Each structure stands twice: as C-alpha cells, then as structure tokens.
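Heads up, the thing below is written out as structure tokens.
The values are calculated or read from the model by the stated rules, or taken from the named source; none is laboratory data. Bear in mind the structure is a predicted one, so any value in this text is a computation, not a measurement. Cβ: placed from backbone, ideal geometry, glycine included. Neighbour counts: every protein chain shown. Note: accessible area is taken over every heavy atom of the protein model, side chains too, but ligands, DNA and RNA are not part of it. Shrake-Rupley method; radii C 1.70, N 1.55, O 1.52, S 1.80 Å.
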Amino acid sequence: MREEELVDRARTMVRGGGGRLTRPREQILRTLARLGGHPTAGQIHAALGEEDAPHLSTTYRTLESLCAVGVLSHVHVDHGEPTFHFSAAVSGRPHVHAACSGCGSVVDLPTEVVAPVADYLRDNGYEPHLGHTALSVTCPECARD
Ligand SMILES: [Zn+2]
Ligand SMILES: [Zn+2]
C-alpha cells in the first residue's frame, strides 16, 4: 500500500472513531508511513523533523492514543523498546513478527505461519495474541558472523 493511501485510511479510521486529527497525530501518521517497518517511539520522534515537532512526551502520548483507537499497534521486541506499525485494520495486512536478538531487526511473517499455535491455544481455551510480541530469532546476517 502506498504511503499516502495508508495515511488516508488511518485518517478515516481516526475520524470514524470520533477522534480529532490533531497536528501531532497527523505528523506521526505521516512519519510512520514514510519510515515504514517497525520503528520505536524514539525513532519516530527523531524522524519528525525540527520544524514544529511536538515534545517527546507528546509523541509518546500520541502514539498511545493512536493505538487506543486501533489505528496503530505496538509490538514488544525482546529487551528493546516496543515498536510501532499500522494496525491490520489500516494496512489490510495482518502479520506477526520475528525480531533478531543480535541486531534487533524485525521481519513480518504471514499469520498462517503461526496458525497451528493459535489453533492449539484456542482448542485449550486460550485466546492468543501472537502479534503482540515478536518471536526471538537470529537473522541470517547475524548467524553468519
Ligand atoms: Zn508489524
Ligand atoms: Zn540480526
């Protein structure tokens, strides 16, 4: 999905939930779409640019509020800070994650990969949240050295 389309869908969802498109929300949605991938709050904040950038605490609060309205979601990665991405409702691309314990890189995996795990959990009465934490892996590059 193109950056602009992603941001448009996010805006529609914010308004649909009765939310306001405040300036920090708009800035963060645009920045996250431009960055792509799974940046941390600090990385998003650093990429907002000098001009009219909100205070760091506003960035944190805004990210939290965008998660609360379902536009973004966060992923916990090993020992690192949580990372943020557009929710499946916005991106139309449900996925789970694997994060390298060496370099911290995060890759998206199709949800089908973990379907047997999800089925097993549901069969035993557990509701899985498999997208909430990343699987811990060593990426091919880190495995090489
Ligand atoms: Zn993701
Ligand atoms: Zn790695």
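Points worth noting:
- On the beta carbon distance between Thr138 and Arg15, with R0 = 35 Å, the FRET formula returns roughly 0.25.
- Debye log10 I(q)/I(0) at q = 0.23 Å⁻¹ for the stretch 9-48, Cα point scatterers: -0.75
- Per residue, the convex hull volume that the Cα atoms of the chain enclose (Å³): 134 Å³
- Coupling constants for the stretch 24-39 follow from the phi torsions by the Karplus curve (6.51 cos²θ - 1.76 cosθ + 1.60, θ = phi - 60°), and in residue order they are x, 4, 4, 4, 6, 4, 5, 5, 5, 5, 5, 5, x, x, 9, x Hz; glycine and proline get x.
- Rounded to the nearest 20 debye, the dipole size of the stretch 3-91 about its Cα centre is 360 debye, using +1 on the Cβ of Lys and Arg and -1 on the Cβ of Asp and Glu.
- Protein accessible area in the chain, 1.4 Å probe - carbon and sulfur %: 52 percent
- Taking a ≥ b ≥ c as the square roots of the eigenvalues of the Cα gyration tensor, the stretch 53-110 is classed as oblate, since a/c reaches at least 1.5 and a/b does not exceed b/c.
- GluC sites (Glu not before Pro) lying in DSSP loop within the stretch 36-86, provided at most 13 other Cβ fall within 10 Å: Glu50, Glu51
- Counted without the sites themselves, the longest stretch of the chain free of trypsin sites (Lys or Arg not before Pro) in a DSSP loop having at most 11 other beta carbon atoms within 10 Å is 21-145.
- Estimated D of the stretch 73-145 in µm² per second, where Rh is the Kirkwood radius over Cα pairs and Stokes-Einstein applies at 4 °C, 1.567 mPa s: 98 µm²/s
- Each of Leu121, Thr83, Leu21 was placed along the dipole of the chain (beta-carbon charges, centred on the mean Cα), and the one lying farthest toward the positive end is Leu21.
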